[in-house]
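The values are calculated or read from the model by the stated rules, or taken from the named source; none is laboratory data. Computed from a predicted model, the values in this text were never measured in an experiment. Every residue, glycine as well, gets a Cβ built from its backbone with ideal geometry; the counts of neighbours run over all protein chains shown.
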Amino acid sequence: MISDFTFITSAEKSDVGLCRKNNEDSIISLPEFGVYCVADGMGGVQDGEVASQAVVDTIEESFVTGSHAVHAVTAKASAKIVALALNKASKWVENRSQEYGVQGCGSTAIAMVFDKIMPGKAIVLHAGDSRAYCFRNKKLIQLSTDHSVAAEAGIKNEDDLPPMLRGVITRAIGLQPVVDVELTPVDVKAGDIFFLCSDGLSRMLSDKKISTIIKKKIKSDNQEIVDALIDNALIEGGKDNVSVVLMRIADNLRDGPLMAIPEETLKLEAMALPRAGDSVIPHLKCFNTA
């Protein structure tokens, strides 16, 4: 029996901010599966909330009630489940938009999955401009690349873009029935602090400011770090909803591999992911879990 993810502790918080009436962000932590996600909805109050909630609900359903989750003991296998869940959510949101005749309804998604067999491995998955960071050896590292007009144009300051292009993302859940989810392998080291956030944090606080906050709070508990990040985003204006999910790695990380990868896990790892333009999304129910 492989132990649970005892080498990870976590904390989370989502705040409506100072300028919005509703919170269109949704967050989820599934520590028993080593799965974490932040989703930032768009398309209007109700539609944005619905889209981001669909993202986290579909991920939760895939792990908590899905029979395949028992085989997700590697980050690669868990990433396949999350990516397929995001595509299932994307199809649902896109169908709902067509049914209600709305446009622009969708959600970003930034997720991170950890590995039971090889604790030194993880994978970040994302679509949109919500971000994943790592704080290691007193340095802040951005793990994800924004799917935005600014990022694709190589522009660091969005104020240099025409107003109509500022904040425009190029990839999201729900805009099309199939979404290309970007997967980024990540090495995990003892003492690392990882966190996922909506752009309500990254637009209010520079990387330098975020790094300074974590350095000051490094000996505090996880929730104090999360609270400090969000509080500072509010101090800087709180122009958007702001959400943070933080994961801290133990100072003593187990060596791996702890066991051979089971055959059923290898089958799950080998499943093909849909790409934009595909007409069919693979279903996990066709995977033999017997």
TODO: Check V38, V56 and return the single one that is of a type in the set (A, V, I, L, M), surrounded by fewer than 24 Cβ atoms within 10 Å (Cβ to Cβ), closer than 22 Å to L201 by Cα and within 15 Å of the chain's Cα centre (by Cα).
DONE: V56
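Which of the residues belonging to the stretch 141-152 are assigned to a loop (DSSP other than H, G, I, E, B) and out of contact with any Gly (no Cβ under 9 Å at 6 or more places or on another chain)? Before you say what the answer is, go through the steps one by one.
The first filter runs over the stretch 141-152 and keeps only residues assigned to a loop (DSSP other than H, G, I, E, B), leaving 143-147.
L143, S144, T145, listed by residue number.
Which of the following residues is more than 19 Å from T108 (Cβ to Cβ), modelled with pLDDT of 95 or more, under 19 Å from the mean Cα position of the chain (by Cα) and not in a loop (DSSP other than H, G, I, E, B): I230, I214, I225, I210?
On the way: I230 fails: more than 19 Å from T108 (Cβ to Cβ); I214 fails: under 19 Å from the mean Cα position of the chain (by Cα); I210 fails: more than 19 Å from T108 (Cβ to Cβ).
Checking each option against the conditions leaves just I225.
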- [ ] Within the stretch 255-273, count every residue that is surrounded by 14 or more Cβ atoms within 10 Å (Cβ to Cβ), part of a loop (DSSP other than H, G, I, E, B), modelled with pLDDT of 80 or more and not β-branched (V, I, T).
- [x] 4
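Can you tell me which residue among T58, T9 is more than 25 Å from K239 (Cα to Cα), in a helix (DSSP H, G or I) and of a type in the set (S, T, Y)?
Working: T9 fails: in a helix (DSSP H, G or I).
Step by step, each of T58, T9 is checked, and only T58 is more than 25 Å from K239 (Cα to Cα), in a helix (DSSP H, G or I) and of a type in the set (S, T, Y).
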TODO: Examine the stretch 43-54 for a residue that is polar (S, T, N, Q) and either in contact (Cβ under 8 Å) with a residue 40 or more places away in the chain or touching a Lys or Arg at 6+ places or on another chain (Cβ under 9 Å) (or both), and state whether such a residue exists.
DONE: yes
Task: Single unsatisfied condition, L268 versus (1) in contact (Cβ under 8 Å) with a residue 12 or more places away in the chain; (2) under 21 Å from A132 (Cα atoms); (3) not acidic (D, E) - done: (2)
Task: Condition broken by K189, with the remaining ones in (1) within 27 Å of A89 (Cβ to Cβ); (2) in a loop (DSSP other than H, G, I, E, B); (3) in contact (Cβ under 8 Å) with a residue 40 or more places away in the chain satisfied - done: (1)
Task: Residues that are farther than 20 Å from S144 by Cα and either of a type in the set (D, E, K, R) or surrounded by 22 or more Cβ atoms within 10 Å (Cβ to Cβ) (or both), drawn from the stretch 41-53 - done: G43, D47, G48, E49, V50, A51
- [ ] Quickly run through the stretch 85-140 and pick out the residues that are among the aromatic types (F, W, Y), more than 23 Å from E60 (Cβ to Cβ) and in a strand (DSSP E or B).
- [x] Y133, F135
- [ ] Would you be able to tell me the number of residues in the stretch 69-121 that are in contact with a helix residue (DSSP H, G or I) (Cβ under 7 Å, 6 or more places away or on another chain), of a type in the set (G, A, S), farther than 15 Å from P185 by Cα and buried (at least 24 other Cβ atoms within 10 Å of the Cβ)?
- [x] 6
